[in-house]
Amino acid sequence: MLIFEPYDLIIFDCDGVLLDSNNMKVAAMRAALSLSNYFSDTQVEALASQFKENFGMSRYHHVASFTETLDIDGAEKQKLEEMLLLAYAEQVDKFYLEVPEALGIKSTLSSLKGKLMYVASGSEQSQLRTVLEKRNFSNYFIEVLGSPVSKSQNIKNILNSVSHISAVMVGDALADYEAAKKNNIDFIFYAPLSNVKQSMLELSQKHDFKVIHSFKG
């Protein structure tokens, strides 16, 4: 794709860029919150919406913010967070291997061979590496990085680890744009699978970053 020609280092997000997994993860978090029996149906829907609108941050960040809404002591809070993280991980494990790939992504990655390519995601790192290995993505990337290390820190680590001339982050959410901006690299918005497509398109007009509407063609 011509849009990638200026870059020798390309960093991809996973959910909503490599895989059509955003809605699956929202459903998984909704189920985890509901199964905990700590939140009313109204709270579950509000927190699931919050999760959806702030995609790209780690599950650890989200779960900590959810438990802050409850009047419980530290030990109970820690136990609840562990329970939510486990329930969420179990739900994601069920469906991560079944969600579709982004249309045209593997042919795009194949066309970019010779460039330095990494994944920096808010997903939990060991789970992410397993999924991308099983789905035959790993051979495209030098390294796959995820949480609990923040996305911006993972990008910084990548930039410091390899000699490059020009780098770009490809993502589908505000957290991806902010992580790129924090590291002073370009950002490209992949629009088709984004949970916040309209707001990101508006942001692209304001800050003049490029948009991909399809990996095909």
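The values are calculated or read from the model by the stated rules, or taken from the named source; none is laboratory data. Source: prediction; values computed, not measured. Here the Cβ positions follow ideal geometry from the backbone for every residue, glycine too, while neighbour counts run over all protein chains shown. These area figures cover heavy atoms from the full protein model, side chains too; ligands, DNA and RNA do not enter into them. Shrake-Rupley method; radii C 1.70, N 1.55, O 1.52, S 1.80 Å.
Could you please find all residues in the stretch 19-75 being of a type in the set (Asp, Glu), assigned to a helix (DSSP H, G or I) and more than 21 Å from Tyr96 (Cα to Cα)?
Asp41, Glu45
Looking only at strands (runs of 3 or more DSSP E) that fall completely inside the stretch 146-217, which ones have 1 or more residues that are open to solvent by 60 Å² or more (accessible area, probe 1.4 Å) and at pLDDT 95 or above?
Those strands (runs of 3 or more DSSP E) span 186-190, 210-212.
Being open to solvent by 80 Å² or more (accessible area, probe 1.4 Å), within 21 Å of Asn195 (Cα to Cα) and not hydroxyl-bearing (Ser, Thr, Tyr) is the filter here, so list the residues in the stretch 55-93 that pass it.
Passing the criteria: His61, Asp93.
Please go through the stretch 103-113 and give me each residue that is open to solvent by 80 Å² or more (accessible area, probe 1.4 Å) and either touching a strand residue (DSSP E or B) at 6+ places or on another chain (Cβ under 7 Å) or modelled with pLDDT of 95 or more (or both), ordered by number.
If we filter the stretch 103-113 for residues that are open to solvent by 80 Å² or more (accessible area, probe 1.4 Å), which is where we start, we get 103, 113.
Passing the criteria: only Leu103.
For the stretch 73-94, state whether one or more residues are under 15 Å from the mean Cα position of the chain (by Cα), among the aliphatic types (A, V, I, L, M) and more than 15 Å from Gly16 (Cα to Cα).
There is at least one residue in the stretch 73-94 that is under 15 Å from the mean Cα position of the chain (by Cα), among the aliphatic types (A, V, I, L, M) and more than 15 Å from Gly16 (Cα to Cα).
Keeping to the stretch 98-142, report how many residues are among the hydroxyl-bearing types (Ser, Thr, Tyr), over 18 Å from Asn157 (Cα atoms) and either touching a helix residue (DSSP H, G or I) at 6+ places or on another chain (Cβ under 7 Å) or free of Cβ contacts under 8 Å to residues at least 60 places away in the same chain (or both).
4
For the subset of the stretch 4-30 comprising residues that are in contact (Cβ under 8 Å) with a residue 24 or more places away in the chain and open to solvent by 30 Å² or more (accessible area, probe 1.4 Å), which member is nearest to Asp172 (Cα to Cα)?
That would be Asp20.
Checking Val131 against (1) in contact with a Phe, Trp or Tyr (Cβ under 7 Å, 6 or more places away or on another chain); (2) in a helix (DSSP H, G or I); (3) more than 30 Å from Asp93 (Cβ to Cβ), which single condition isn't satisfied?
Val131 satisfies every listed condition except (3).
Please go through the stretch 114-138 and pick out each residue that is among the acidic types (Asp, Glu) and either open to solvent by 70 Å² or more (accessible area, probe 1.4 Å) or under 20 Å from Val162 (Cα atoms) (or both).
Going residue by residue through the stretch 114-138, those that are among the acidic types (Asp, Glu) are 124, 133.
Within the stretch 114-138, Glu133 is the sole residue that qualifies.
Quick one: Val92 ticks every box in (1) modelled with pLDDT of 90 or more; (2) assigned to a helix (DSSP H, G or I) bar one, so which box is it?
Result: Val92 passes all but (1).
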